[in-house]
Amino acid sequence: LQQRKLLRRVHGGAVPYERRDHEPMIDARGMLNAAEKLRIGRAAISEVPADGTVIVDSGSTGQRLAEVFPVDRGVHVLTNSLTTASTLARRGVTELSVIGGKVRTNTLAMVDAAAVQAVSMLSVDVLFISCDGLSFARGLTTPYSEESLLKRAMIDAARRVVAIVDQSKFGNDQLYNFAAFDDLDVLITDDRVDDGAVAAIAAHGVDVRRA
């Protein structure tokens, strides 16, 4: 099935094959590199302020952050992911807002023009953002036009930008660029990333951390 590109083998099972023009279901995304994403989420806790405002964007790595997000801080969390919002609410985050818009049913996220407009009126302390691909020439990328516009709006709204990106995204250049490395303050990845990749990104003034 993997040779026929119907399924892709992962640790503990298999998930639907991801074509570049097809957005995988959220459960399949969550299974890929799950252990690395959880380590990244735990490492990102150090960037959660004692109080203030943060955005956690949609995506499986943001969901892992939500699973370990500290609930003892005076932080107002905003997210465009219904899954992440539900996790945060169940864990006891009381200051929580969902960025509205039309729900994309396969990812349970809002990324349309209404979401972009809502984010454009915000000013937040920290943004935790992920990507579909990390290009060493172009920065953070995604194959989805609407998502690129929303992620760009989130970056413009944030005083500090923390990218949470596992190694499988490195070298993957998708259609739409939404962030140059100069836009990032911190990039948290996993320990599979080699020293050369770290040095290339750090040369832009980014604090690169491996979890």
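Nothing in this text is a laboratory measurement; each read-out follows from the coordinates by a stated rule. For clarity, every value in this text was computed on a predicted model and none was experimentally measured. Here the Cβ positions follow ideal geometry from the backbone for every residue, glycine too, while neighbour counts run over all protein chains shown.
Couple of notes before you dig in:
- Linear extension gain, Ala50 paired with Gln117, 0.36 nm per residue minus alpha-carbon span: 21.3 nm
- Sorted from greatest to least, the principal axis extents spanned by the alpha carbons of the range 72-189 come out as 40, 29, 26 Å.
- For Val208, nonlocal amide neighbours, meaning residues 5 or more places apart or on other chains whose placed amide H falls under 5 Å from its own, are Leu187.
- Check: the chain dipole with +1 on Lys, Arg Cβ and -1 on Asp, Glu Cβ, in debye: 700 debye
- Restricting attention to the range 118-201, close to 40% of DSSP beta bridges with both partner residues there are antiparallel.
- Each 10 Å bin from zero holds the following percent of Cα-Cα pairs in the range 51-132: 19, 56, 24, 1.
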